[in-house]
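Beneath this line is the structure, given in C-alpha coordinates, with notes to follow.
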Amino acid sequence: MSDILVDMKRKHDFLICVDSDGCVFDNMELKHKECFCPVTVNAWNLQSVSRYAREAAEFVNLYSTTRGINRYPALIRTLELLGARKEAIQRGYHCPDLTPLKHWVEISDSLSTAKLEAYLKTLDHAEPLLEQAVAWSKEVDANVAHIVHGVTPFPGVREALSRFAEYADIVIVSATPHEAISREWTENGLIGFVTEAAGQELGSKTECIRKANSGHYAPDHILMIGDAPGDYTAAKDNGVLYFPIIPGREVECWEKAVREVADQLYEGTYAGDNMNHWLEEFSEVLMEEPHWQVK
(Lines give C-alpha, C1' and ligand atoms only; values in the text may rest on other atoms or scores of the structure.)
Protein backbone atom coordinates (compact mmCIF):
# COMPACT_ATOMS: atom_id res chain seq x y z
CA MET A 1 0.00 0.00 0.00
CA SER A 2 1.32 3.45 -0.91
CA ASP A 3 2.09 6.03 1.77
CA ILE A 4 2.07 9.77 1.06
CA LEU A 5 5.15 10.33 3.25
CA VAL A 6 7.21 7.52 1.80
CA ASP A 7 6.14 8.45 -1.73
CA MET A 8 6.36 12.25 -1.43
CA LYS A 9 8.28 14.19 -4.06
CA ARG A 10 11.49 15.38 -2.47
CA LYS A 11 13.12 18.49 -3.91
CA HIS A 12 15.78 19.38 -1.35
CA ASP A 13 18.56 17.89 0.79
CA PHE A 14 17.00 19.19 4.04
CA LEU A 15 13.75 18.22 5.75
CA ILE A 16 11.74 20.31 8.21
CA CYS A 17 9.08 18.46 10.20
CA VAL A 18 6.77 20.86 12.01
CA ASP A 19 3.96 20.37 14.48
CA SER A 20 0.75 22.38 14.08
CA ASP A 21 -1.37 23.02 17.20
CA GLY A 22 0.39 25.24 19.73
CA CYS A 23 3.45 25.39 17.50
CA VAL A 24 2.35 27.10 14.30
CA PHE A 25 -1.10 28.13 15.54
CA ASP A 26 -2.04 29.76 18.83
CA ASN A 27 -4.97 27.39 19.20
CA MET A 28 -4.05 24.97 21.99
CA GLU A 29 -5.84 26.83 24.77
CA LEU A 30 -8.87 27.49 22.58
CA LYS A 31 -9.18 23.85 21.52
CA HIS A 32 -8.68 22.34 24.94
CA LYS A 33 -10.49 24.84 27.13
CA GLU A 34 -13.46 25.52 24.82
CA CYS A 35 -13.73 22.26 22.83
CA PHE A 36 -12.17 19.31 24.66
CA CYS A 37 -13.00 20.17 28.28
CA PRO A 38 -16.78 20.71 27.92
CA VAL A 39 -17.16 17.52 25.88
CA THR A 40 -15.03 15.54 28.33
CA VAL A 41 -17.20 16.67 31.24
CA ASN A 42 -20.39 15.78 29.41
CA ALA A 43 -19.34 12.55 27.66
CA TRP A 44 -17.71 11.03 30.76
CA ASN A 45 -20.37 12.20 33.24
CA LEU A 46 -18.05 14.47 35.21
CA GLN A 47 -20.55 17.17 36.03
CA SER A 48 -20.22 16.77 39.79
CA VAL A 49 -16.42 17.10 39.58
CA SER A 50 -16.21 19.41 36.57
CA ARG A 51 -13.83 21.85 38.26
CA TYR A 52 -11.30 19.13 38.98
CA ALA A 53 -11.85 17.43 35.63
CA ARG A 54 -11.02 20.69 33.85
CA GLU A 55 -7.89 21.18 35.97
CA ALA A 56 -6.74 17.64 35.19
CA ALA A 57 -7.42 17.96 31.47
CA GLU A 58 -5.68 21.32 31.20
CA PHE A 59 -2.69 20.04 33.15
CA VAL A 60 -2.32 16.96 30.93
CA ASN A 61 -2.82 18.73 27.61
CA LEU A 62 -1.36 22.18 28.17
CA TYR A 63 0.88 22.61 31.19
CA SER A 64 2.70 19.33 31.76
CA THR A 65 5.34 17.20 30.09
CA THR A 66 2.53 15.33 28.29
CA ARG A 67 1.48 18.51 26.45
CA GLY A 68 0.54 17.71 22.87
CA ILE A 69 0.11 13.95 23.21
CA ASN A 70 -2.61 12.12 21.30
CA ARG A 71 -6.13 12.59 22.65
CA TYR A 72 -6.61 8.97 23.75
CA PRO A 73 -3.54 8.63 26.00
CA ALA A 74 -4.38 12.15 27.24
CA LEU A 75 -7.91 11.03 28.11
CA ILE A 76 -6.56 8.04 30.03
CA ARG A 77 -4.20 10.19 32.07
CA THR A 78 -6.87 12.83 32.70
CA LEU A 79 -9.38 10.33 34.07
CA GLU A 80 -6.75 8.56 36.16
CA LEU A 81 -5.48 11.82 37.67
CA LEU A 82 -9.06 12.78 38.45
CA GLY A 83 -9.74 9.37 39.97
CA ALA A 84 -6.77 9.75 42.30
CA ARG A 85 -7.66 13.27 43.45
CA LYS A 86 -9.00 13.50 47.00
CA GLU A 87 -11.56 16.19 46.19
CA ALA A 88 -13.04 14.13 43.34
CA ILE A 89 -13.17 10.98 45.45
CA GLN A 90 -14.96 12.88 48.22
CA ARG A 91 -17.59 13.87 45.66
CA GLY A 92 -18.17 10.25 44.68
CA TYR A 93 -16.10 10.02 41.50
CA HIS A 94 -14.57 6.68 40.58
CA CYS A 95 -12.41 6.30 37.50
CA PRO A 96 -13.89 3.74 35.10
CA ASP A 97 -11.97 0.62 34.16
CA LEU A 98 -9.86 1.94 31.28
CA THR A 99 -8.26 -1.43 30.46
CA PRO A 100 -9.96 -1.80 27.02
CA LEU A 101 -8.81 1.67 25.95
CA LYS A 102 -5.29 1.13 27.30
CA HIS A 103 -5.08 -2.16 25.40
CA TRP A 104 -6.12 -0.53 22.14
CA VAL A 105 -3.64 2.32 22.64
CA GLU A 106 -0.88 -0.25 23.11
CA ILE A 107 -1.66 -2.35 20.04
CA SER A 108 -2.87 0.21 17.51
CA ASP A 109 -0.48 1.53 14.87
CA SER A 110 -2.48 4.76 14.63
CA LEU A 111 -4.41 6.37 17.47
CA SER A 112 -7.17 7.82 15.33
CA THR A 113 -10.91 7.58 15.80
CA ALA A 114 -11.26 5.78 12.47
CA LYS A 115 -8.83 3.11 13.68
CA LEU A 116 -10.72 2.76 16.95
CA GLU A 117 -14.01 2.31 15.09
CA ALA A 118 -12.42 -0.30 12.85
CA TYR A 119 -11.06 -2.13 15.90
CA LEU A 120 -14.51 -2.19 17.50
CA LYS A 121 -15.86 -3.97 14.45
CA THR A 122 -13.34 -6.78 14.89
CA LEU A 123 -14.53 -7.59 18.42
CA ASP A 124 -16.99 -10.42 19.07
CA HIS A 125 -18.46 -8.60 22.06
CA ALA A 126 -19.68 -5.14 22.95
CA GLU A 127 -17.16 -2.76 24.49
CA PRO A 128 -19.14 0.18 25.94
CA LEU A 129 -16.06 2.09 27.10
CA LEU A 130 -14.58 2.14 23.60
CA GLU A 131 -17.93 3.14 22.13
CA GLN A 132 -18.03 5.97 24.66
CA ALA A 133 -14.52 7.01 23.61
CA VAL A 134 -15.53 7.13 19.95
CA ALA A 135 -18.60 9.24 20.73
CA TRP A 136 -16.46 11.57 22.87
CA SER A 137 -13.86 11.97 20.12
CA LYS A 138 -16.44 12.70 17.43
CA GLU A 139 -18.13 15.30 19.61
CA VAL A 140 -14.75 16.93 20.21
CA ASP A 141 -14.14 17.10 16.46
CA ALA A 142 -17.58 18.63 15.92
CA ASN A 143 -16.84 21.21 18.60
CA VAL A 144 -13.49 22.04 17.00
CA ALA A 145 -15.07 22.43 13.56
CA HIS A 146 -17.77 24.67 15.03
CA ILE A 147 -15.60 26.85 17.27
CA VAL A 148 -12.03 26.94 15.99
CA HIS A 149 -12.01 29.42 13.13
CA GLY A 150 -9.95 32.47 12.35
CA VAL A 151 -7.01 31.43 14.52
CA THR A 152 -3.92 32.96 12.95
CA PRO A 153 -0.35 31.65 13.02
CA PHE A 154 2.08 33.04 15.56
CA PRO A 155 3.95 36.10 14.31
CA GLY A 156 7.09 34.95 12.53
CA VAL A 157 5.72 31.61 11.33
CA ARG A 158 5.15 32.67 7.74
CA GLU A 159 8.60 34.24 7.49
CA ALA A 160 10.25 31.16 8.99
CA LEU A 161 8.46 28.72 6.71
CA SER A 162 9.34 30.88 3.72
CA ARG A 163 12.99 30.88 4.73
CA PHE A 164 13.13 27.14 5.37
CA ALA A 165 11.32 26.42 2.11
CA GLU A 166 14.22 27.96 0.20
CA TYR A 167 16.35 24.91 0.93
CA ALA A 168 14.18 22.28 2.67
CA ASP A 169 11.14 20.10 2.14
CA ILE A 170 8.53 20.84 4.82
CA VAL A 171 6.21 18.21 6.30
CA ILE A 172 3.49 18.81 8.89
CA VAL A 173 3.76 16.14 11.61
CA SER A 174 0.83 16.43 13.99
CA ALA A 175 -1.46 14.47 16.31
CA THR A 176 -4.36 16.56 14.98
CA PRO A 177 -6.79 14.95 12.50
CA HIS A 178 -5.83 15.60 8.89
CA GLU A 179 -9.06 17.47 8.10
CA ALA A 180 -8.38 20.09 10.76
CA ILE A 181 -4.75 20.50 9.70
CA SER A 182 -5.69 20.97 6.05
CA ARG A 183 -8.42 23.47 6.89
CA GLU A 184 -6.31 25.60 9.23
CA TRP A 185 -3.18 25.69 7.05
CA THR A 186 -5.21 26.41 3.91
CA GLU A 187 -7.35 29.20 5.36
CA ASN A 188 -4.19 30.91 6.61
CA GLY A 189 -2.33 30.62 3.31
CA LEU A 190 0.43 28.37 4.67
CA ILE A 191 -0.28 25.15 2.81
CA GLY A 192 1.79 26.32 -0.16
CA PHE A 193 4.97 25.95 1.89
CA VAL A 194 4.21 22.30 2.64
CA THR A 195 5.39 19.21 0.79
CA GLU A 196 3.06 16.85 2.69
CA ALA A 197 0.80 16.91 5.75
CA ALA A 198 0.66 14.01 8.22
CA GLY A 199 -2.17 13.98 10.74
CA GLN A 200 -2.91 11.42 13.43
CA GLU A 201 -4.23 8.99 10.80
CA LEU A 202 -0.71 8.32 9.47
CA GLY A 203 0.74 7.16 12.77
CA SER A 204 2.82 8.54 15.60
CA LYS A 205 5.13 11.50 15.14
CA THR A 206 8.11 9.18 15.48
CA GLU A 207 6.77 7.00 12.67
CA CYS A 208 5.88 9.97 10.47
CA ILE A 209 9.38 11.47 10.74
CA ARG A 210 10.86 8.07 9.88
CA LYS A 211 8.64 7.68 6.83
CA ALA A 212 9.21 11.26 5.64
CA ASN A 213 12.95 10.62 5.82
CA SER A 214 12.98 7.11 4.30
CA GLY A 215 16.77 7.37 4.08
CA HIS A 216 16.76 10.39 1.79
CA TYR A 217 18.21 12.95 4.19
CA ALA A 218 21.25 13.03 6.46
CA PRO A 219 20.27 13.13 10.18
CA ASP A 220 21.82 16.59 10.64
CA HIS A 221 19.74 17.81 7.68
CA ILE A 222 16.44 17.00 9.43
CA LEU A 223 14.88 19.38 11.95
CA MET A 224 11.72 18.76 13.99
CA ILE A 225 10.00 21.92 15.23
CA GLY A 226 7.46 21.47 18.03
CA ASP A 227 6.08 22.82 21.28
CA ALA A 228 5.83 19.63 23.34
CA PRO A 229 8.16 17.03 24.88
CA GLY A 230 6.60 14.39 22.65
CA ASP A 231 7.90 16.28 19.62
CA TYR A 232 11.40 16.20 21.07
CA THR A 233 11.05 12.47 21.80
CA ALA A 234 10.02 11.86 18.19
CA ALA A 235 13.12 13.73 17.02
CA LYS A 236 15.40 11.80 19.41
CA ASP A 237 13.87 8.48 18.35
CA ASN A 238 14.90 9.28 14.80
CA GLY A 239 18.30 10.73 15.67
CA VAL A 240 17.45 14.12 14.17
CA LEU A 241 17.62 17.74 15.36
CA TYR A 242 14.98 19.58 17.38
CA PHE A 243 14.00 23.22 17.82
CA PRO A 244 11.40 23.98 20.51
CA ILE A 245 8.63 26.55 20.24
CA ILE A 246 8.53 27.21 23.97
CA PRO A 247 5.01 27.68 25.42
CA GLY A 248 4.62 31.32 26.43
CA ARG A 249 7.61 32.37 24.30
CA GLU A 250 6.32 31.35 20.87
CA VAL A 251 6.85 34.70 19.13
CA GLU A 252 10.43 34.94 20.38
CA CYS A 253 11.16 31.39 19.19
CA TRP A 254 9.79 31.94 15.71
CA GLU A 255 11.79 35.17 15.41
CA LYS A 256 14.90 33.21 16.36
CA ALA A 257 13.99 30.54 13.81
CA VAL A 258 14.02 33.19 11.07
CA ARG A 259 17.06 35.14 12.23
CA GLU A 260 19.31 32.38 13.52
CA VAL A 261 18.16 28.76 13.34
CA ALA A 262 17.45 28.65 9.60
CA ASP A 263 20.98 29.77 8.78
CA GLN A 264 22.55 27.59 11.49
CA LEU A 265 20.79 24.49 10.16
CA TYR A 266 21.88 25.19 6.59
CA GLU A 267 25.47 25.92 7.63
CA GLY A 268 25.67 22.85 9.88
CA THR A 269 26.16 24.77 13.13
CA TYR A 270 22.80 24.22 14.84
CA ALA A 271 23.64 20.81 16.31
CA GLY A 272 25.55 20.94 19.58
CA ASP A 273 25.69 24.07 21.72
CA ASN A 274 23.04 25.99 19.78
CA MET A 275 20.46 23.22 20.06
CA ASN A 276 21.40 22.42 23.65
CA HIS A 277 20.77 26.03 24.65
CA TRP A 278 17.19 25.79 23.41
CA LEU A 279 16.66 22.37 24.99
CA GLU A 280 17.71 23.75 28.38
CA GLU A 281 15.27 26.64 28.04
CA PHE A 282 12.52 24.22 26.97
CA SER A 283 13.06 21.80 29.86
CA GLU A 284 12.28 24.49 32.45
CA VAL A 285 8.74 25.27 31.28
CA LEU A 286 6.48 22.21 31.71
CA MET A 287 5.65 20.35 34.96
CA GLU A 288 6.01 16.66 35.74
CA GLU A 289 3.36 16.53 38.47
CA PRO A 290 0.16 18.58 39.01
CA HIS A 291 0.15 21.23 41.69
CA TRP A 292 -2.38 19.30 43.79
CA GLN A 293 0.07 16.41 44.13
CA VAL A 294 3.17 18.47 44.87
CA LYS A 295 3.92 18.67 48.59
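The values are calculated or read from the model by the stated rules, or taken from the named source; none is laboratory data. All figures in this text were calculated on a predicted structure; none of them were measured in a lab. All Cβ positions, glycine included, derive from the backbone under ideal geometry; neighbour counts span all protein chains shown.
With the requirement that a residue be of a type in the set (Val, Ile, Thr) and either exposed (fewer than 15 other Cβ atoms within 10 Å of the Cβ) or more than 17 Å from ALA74 (Cβ to Cβ) (or both), what does region 116-139 give you? Can you show your working first?
Of the residues in region 116-139, the ones of a type in the set (Val, Ile, Thr) are 122, 134.
If the condition is that a residue be of a type in the set (Val, Ile, Thr) and either exposed (fewer than 15 other Cβ atoms within 10 Å of the Cβ) or more than 17 Å from ALA74 (Cβ to Cβ) (or both), then THR122 is the only one that fits.
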Worksheet, complete the sentence: Residues of region 187-201 being within 20 Å of ALA168 (Cβ to Cβ), in contact with a helix residue (DSSP H, G or I) (Cβ under 6 Å, 6 or more places away or on another chain) and part of a helix (DSSP H, G or I), in sequence order, are ILE191, PHE193
Worksheet item: Does region 82-95 contain at least one residue that is out of contact with any helix residue (DSSP H, G or I) (no Cβ under 9 Å at 6 or more places or on another chain) and either surrounded by 13 or more Cβ atoms within 10 Å (Cβ to Cβ) or modelled with pLDDT under 95 (or both)?
Response: yes
Item to complete: Say whether the condition of being under 17 Å from LYS9 (Cα atoms), modelled with pLDDT under 95 and in the same structural domain as GLY272 (by TED's automatic domain parsing) is met by at least one residue in region 231-252.
Response: no
Practice prompt. Considering only region 84-174, give the helices (runs of 4 or more DSSP H) lying wholly within it that have at least 1 residues that are closer than 30 Å to ALA218 by Cα.
Written response: 157-165
Worksheet item: Any idea how many residues of region 148-184 are at pLDDT below 95 and surrounded by fewer than 18 Cβ atoms within 10 Å (Cβ to Cβ)?
Response: 8
Worksheet item: Do you know which of the residues in region 53-80 that are out of contact with any Pro (no Cβ under 8 Å at 6 or more places or on another chain) and not in a helix (DSSP H, G or I) is nearest to VAL294 (Cα to Cα)?
Response: ILE69
Worksheet item: Within region 46-53, is even one residue under 24 Å from LYS115 (Cα atoms) and either β-branched (Val, Ile, Thr) or in the same structural domain as THR195 (by TED's automatic domain parsing) (or both)?
Response: no
Discussion item. Kindly evaluate ALA175 against the criterion of being in contact with a helix residue (DSSP H, G or I) (Cβ under 7 Å, 6 or more places away or on another chain), more than 21 Å from THR66 (Cβ to Cβ), in the same structural domain as VAL258 (by TED's automatic domain parsing) and small (Gly, Ala, Ser).
Written reply: no
Discussion item. Need pairs with beta-carbon distance below 6 Å; first residue over 14 Å from THR99 (Cβ atoms) and within region 71-82, second among the polar types (S, T, N, Q); sequence gap 6+ or separate chains.
Written reply: ALA74/ASN61
